[in-house]
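Asks: Pasting in a structure now, in structure tokens, and then I'll have a few things to ask.
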Amino acid sequence: MDKLRRVLSGHEENEELGLTDQILDASTLSYSTRVKCFVICFAGGILCSILGSALLFLPNGIKLFAVFYTIGNVAALSSTCFLMGPLKQLKRMFEPKRLIATIVMLLCLVLTLCAVFWWHKKGLAIIFCILQFLAMTWYSISYIPFARDAVMKCFTTCVS
């Protein structure tokens, strides 16, 4: 009977991955737990970003800013894993309409930390943080229907 249920639900190929699939899928959590975890993770991300911005004016503040801003963006991005599950999140991140924004965003996250810790280029770190913001914004509005079209129309109108 279990085999019939798996076949009808489309899970017959994932028989070996049963436990792994459950661990990686956020649907094993209740809806209220997923929403609470999302809010906590997202708020933590915002708090890290704000804290990083406040630390910008301290000595060696650029390093602290870059680290906290990057951690904040990673936490905010990871928070949506609680709502839709990590596998679905990854699949959606790498859909063709989000692919460029995702790659630029992830690349800027890594390059920001490289600029601060390995290359010791503070100006470059700031540029990568700005690019992080722009890529994260472009990535985020891809989830809103017709938002990218509206932004592009507004941008071309302002530039013309």
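The values are calculated or read from the model by the stated rules, or taken from the named source; none is laboratory data. Keep in mind that what you see is a predicted model, and the values were worked out from it rather than measured. Ideal geometry is used to build each Cβ from the backbone, glycine not excepted, and the neighbour counts take in all protein chains shown. All accessible areas refer to the heavy atoms of the entire protein, side chains included, with ligands and DNA or RNA removed. Shrake-Rupley method; radii C 1.70, N 1.55, O 1.52, S 1.80 Å.
Asks: When only C-alpha pairs under 8 Å and at least 6 residues apart count, what is the relative contact order of segment 21-127, in percent?
Replies: Computed value for segment 21-127: 29 percent relative contact order.
Asks: Over the alpha carbons of segment 120-160, what is the largest minus smallest coordinate on each principal axis, giving the biggest first in Å?
Replies: Cα extents, longest axis first: 40, 27, 5 Å.
Asks: Going by a ≥ b ≥ c, the root eigenvalues of the Cα gyration tensor, does segment 32-160 fall in the rounded group (a/c under 1.5), the prolate group (a/b larger than b/c) or the oblate group?
Replies: oblate
Asks: Give me the percent of the accessible area of segment 46-142 that comes from carbon and sulfur atoms, probe 1.4 Å, all protein chains in place.
Replies: 80
Asks: Also, quick follow-up: Accessible area per residue of segment 49-151 at 1.4 Å probe, in Å²?
Replies: Ligands and nucleic acids excluded, the figure is 57 Å² per residue.
Asks: Another question, if that's okay. Using a 1.4 angstrom probe on the protein heavy atoms only, line up I100, I126, I50 by accessible area, largest first.
Replies: Numbers: I100 130, I126 55, I50 105 Å².
Largest to smallest exposure gives the sequence I100, I50, I126.
Asks: If you put +1 on each Lys and Arg Cβ and -1 on each Asp and Glu Cβ, how big is the dipole of segment 54-160 around its Cα centre, in Debye rounded to 20?
Replies: With Lys and Arg at +1 and Asp and Glu at -1, about 120 debye.
Asks: Ordered by packing density, taken as the mean number of other Cβ atoms within 10 Å over each peptide's residues, highest first, how do 145-156, 76-87 rank?
Replies: Ranked from most to least packed, the peptides come out as 76-87, 145-156.
Asks: In whole Hz, with x marking every Gly and Pro, tabulate ³J(HN,Hα) for segment 99-115 from phi via Karplus 6.51 cos²θ - 1.76 cosθ + 1.60, θ = phi - 60°.
Replies: 4, 5, 4, 5, 5, 4, 5, 5, 5, 5, 4, 5, 5, 4, 5, 5, 4
Asks: So, one more: Just to confirm a number: summing +1 for Lys and Arg and -1 for Asp and Glu over residues other than F42 whose beta-carbon lies under 13 angstrom from that of F42, what do you get?
Replies: +2
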